Amino acid sequence: MAVFSMHKGTHDSFCYLCQNGGCALACDLCPRVLCSEHIEQFKTIPAQDRASVRFVCPACHVIIGRSRTSSTSSLRDAIQRAPGAPYRAFYIEVNKKFTPYFANPVNLTTEYHISQSARVNTSPIFILHLRLECLEEEGSVASVFFHALKPYFANEDTIHLHYADVPFNLNTDSDAEKHRRLITTVVEPLSHQGKARVLVFVYTHSHDVHGTLYYGTNLASQTVDNWFDVLFPPDVRDVLRVHDTSLFMLCCGALVNTTQSYQALKGNCATLQIRRLIAFEASHFQAALTVSFFLGYAQKFLIENVTFADMHLADLLWQSLSLGRHSRVLLMQYNPEDPSPRVAVSEYRWIHKGVRPWGYRLPIQCPSCHGLFTFKNKEELRGAIVSRCKTRDCTYSQTFNRPDDTVVLKRPEGAWMKLGRE
């Protein structure tokens, strides 16, 4: 059992239950750590025994307890395989077999502040902010994202959180060459370390008609492929492919609403081996409305290290209602380890029976009588929602059918409650 006061080796820096630092117990089965003060019996273990005692965190105890599969680890085999099994925490090896150190279950004296199987993951993160020079860096989504993560990396022995802002304004071949040298230098540290979590924020304009992206303040690329070729030179591509890379396209929706540009974006997702690519369809996209979404993304997927799945993505989308009203969200996923890798695309729409039936935008003004906010919606056969103008003598109506191949992501459990206080 390792007991330490700061991040060491492959373990996390903060207790995964309370998110505090201090004297921590390192789990012998996973990277999680737990404040020693959360287990009353720990202080009764003699100092001379602590080096030989093994510690199993509550998360591993629950996960293994629910498992029905056999294990090659004798420590795992020592954990009782039954839901709700008493928590023992500490184990000692006797005659090549692990048994509980204490005769009775231990007392856990804290509560979950995050989900029960989460982590406080402080493994390396590299944030690359590629932005058109005329767009401000201060207060940008990437900058806010970086500063939200900083407290988790404040006590690191080495720099595990890196942020690089790379503005570009490529109006000439000379500008493009300067960019190539700069970005190659910026990502060079990634060539000398193990697998990192790389997050690339692209903040630029897209052409209203063609969906192509801007190189410079007044210069759009001829094609999306051409833009990626210039902004991500070969050496940079090689580095990004090695790591767990995500790409966030903060630009107007013509990029994904124009067929040719959309297909080119998918192609570059595969070529660069981008694990997750997120883009937005709003025609006049406002990056500021994504801040709450990306702050949740940083906490849930990077720090808590939860699995990237619809059930968790739904939590973030429900926290981002302003984004939902503003834009649909497109997610592209690519796994190069798959036998036949392909880009899988999902579209997420905010739906509301009254104002966004099946994700379609309800007009503010009735096109017949020109009244404002006059629609009343009613769900009819097979889930169709009919919007009728409620203005007297107006007969205008519009029907919205549920799109094919859709899954409604239910609102996460729990709610806020208001109480009076003296």
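Every read-out reported here was derived from the displayed coordinates using simple, explicitly stated rules and does not represent laboratory data. Predicted model only: the values in this text are computed from it and were never measured. When we count neighbours, we look across all protein chains shown, and the Cβ atoms used for this are built from the backbone with ideal geometry, even at glycine.
Model label points for ALA415 and ARG50, set 7 angstrom from Cα along the Cα-to-Cβ axis, are 4.7 nm apart. Can you give the local net charge around LEU132? Use residues other than it whose beta-carbon is closer than 14 angstrom to its beta-carbon, Lys and Arg +1, Asp and Glu -1. Cβ neighbours under 14 Å give a net charge of -4. Taking every DSSP beta bridge that has both ends in the stretch 214-338, the antiparallel portion is near 70%. Using the Cα coordinates of the stretch 125-348, the gyration tensor eigenvalues translate into equivalent-ellipsoid semi-axes of 24, 22, 18 Å, sorted from longest to shortest. By DSSP, the beta bridges lying fully in the chain are antiparallel in about 60 percent of cases. For LYS97, list the lysines whose Cα falls under 26 Å from its own Cα; do not include residues on the same chain fewer than 8 positions away. Answer for LYS97, where 26 Å is the Cα cut-off: LYS43, listed by chain and number. For the stretch 238-355, the equivalent ellipsoid built from the Cα gyration tensor has semi-axes of 23, 18, 13 Å, listed from largest to smallest. Label zone (MET311, point 7 Å along Cα-to-C-beta; backbone nitrogen cut-off 20 Å) within the stretch 391-422: 406-415.
Peptides 75-86, 135-146, 120-131 ranked from most to least packed, by the mean per-residue count of other Cβ atoms within 10 Å: 120-131, 135-146, 75-86. For the stretch 357-400, the normalised intensity computed at q = 0.16, 0.18, 0.26 Å⁻¹ comes to -0.38, -0.47, -0.90 (log10 of I(q)/I(0), Debye sum over alpha carbons, equal scatterers, no solvent). Summary of the geometry: the stretch 223-270 and the stretch 346-422, compared by the centres of their Cα atoms, lie 34 Å apart. Counting 0.36 nm for each residue step from HIS192 to ARG361 and taking away their Cα separation leaves a gain of 56.0 nm. Per residue, the average separation of C-alpha pairs within less than 8 Å and at least 6 apart gives the chain a relative contact order of 10 percent.
Ranked by the mean number of other Cβ atoms within 10 Å of their residues, highest first, the peptides 363-373, 58-68 fall in the order 58-68, 363-373.
How many percent of the alpha carbon pairs in the stretch 143-189 exceed a separation of 16 Å? Distances greater than 16 Å cover 54 percent of the Cα pairs. Residues of the stretch 350-364 with backbone nitrogen within less than 14 Å of a virtual label 7 Å along the Cα-to-Cβ line of SER283, please, listed as ranges. Flagged as within label range: 361-364. Judged by the mean number of other Cβ atoms found within 10 Å, the most tightly packed of the peptides 46-54, 28-36 leads the ranking 28-36, 46-54. Counting Lys and Arg as +1 and Asp and Glu as -1 over every other residue whose Cβ lies under 10 Å from the Cβ of PHE168, the net charge comes to 0. Only DSSP H runs of four or more residues enter the estimate; each adds -39500 (n - 2.57), and after division by the residues of the chain the mean residue ellipticity at 222 nm equals -6000 deg cm²/dmol.
Taking the Cα atoms of the stretch 284-334, the ratio Rg/Rh between the radius of gyration and the Kirkwood radius comes to 0.96. Here the simple spin-label model places points 7 Å from the Cα toward Cβ, and for CYS23 and THR223 these points are separated by 6.4 nm. Subtracting the Cα-Cα distance of VAL408 and VAL209 from their residue separation scaled by 0.36 nm leaves 68.5 nm. Remark: spin-label model distance HIS370-ASP173 equals 5.7 nm, labels positioned 7 Å along the Cα→Cβ axis.
Between the beta carbons of HIS147 and THR399, assuming R0 = 51 Å, the FRET efficiency works out to 0.65 to the nearest 0.05. The alpha-carbon positions of the chain define a convex hull whose volume is 220 Å³ per residue. Of all DSSP bridge pairs formed entirely within the stretch 125-348, close to 35 percent run antiparallel.
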